[in-house]
Amino acid sequence: MFSNIPWVLAASLFGATLLIYFPYIFVVVGRVQAGFDVAAPRALFPKLPPFAQRAVWAHENSFETFMPFAAAVLLTLITHVETPTVAIASLSFVIARLLYSVFYIVNVPIGRSLMFGVSTAATITLFLQSLTALS
């Protein structure tokens, strides 16, 4: 099923990079609704609709989770771990992060928390697979 694991890892890394900016679409919509001021963009935050405020937080959290995921993917590529588990973990991260942002923006806290857990577990799985290959 996963015949080209390095490609899956690279595509997952690219997808995760794009997903950092997915919530920002909703931030822009909120800024337009609130009357965006180019001179003071951060001062607008308290005036944003709640969905746009949550989108800002989802956007910021995406940066925080991307760094360990990127490190895990790169370590997996360096150690040449090419197992279905690695492919599933990397794809699971991307799907979970997309759902995380959606759940955050529409205000489903339990869904958001579960997707955070899935994405964290996926990152840990990648690290463990690489460390196992090194030992």
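The values are calculated or read from the model by the stated rules, or taken from the named source; none is laboratory data. These numbers were taken from a predicted model, which means no experiment stands behind them. Only protein heavy atoms, including side chains, enter the accessible area calculation; ligands, DNA and RNA are left aside. Shrake-Rupley method; radii C 1.70, N 1.55, O 1.52, S 1.80 Å.
Ignoring any ligand, DNA or RNA, what whole percent of the accessible area of the chain comes from carbon and sulfur when the probe is 1.4 angstrom?
Numbers: 5400 of 7450 Å².
Within the chain, the accessible surface is 72 percent carbon and sulfur.
Give me the 1.4 Å probe accessible area per residue for region 18-135, excluding ligands and nucleic acids, in Å². Can you show the working numbers first?
Numbers: 6420 Å² over 118 residues.
Roughly 54 Å² per residue, with all protein chains present.
Apply the membrane-span-like helix rule to the chain: whole DSSP H runs, Cα extent along the own long axis of at least 20 Å, mean Kyte-Doolittle hydropathy at least -1.0. List the helices found.
Working: long enough: 5-21 (25 Å, 1.82); 50-78 (42 Å, 0.70); 84-105 (32 Å, 1.67); 109-134 (38 Å, 1.13).
TM-like helix candidates: 5-21, 50-78, 84-105, 109-134.
Region 1-39 to region 42-83: how many Å between their Cα centroids?
One Cα centre to the other: 9 Å.
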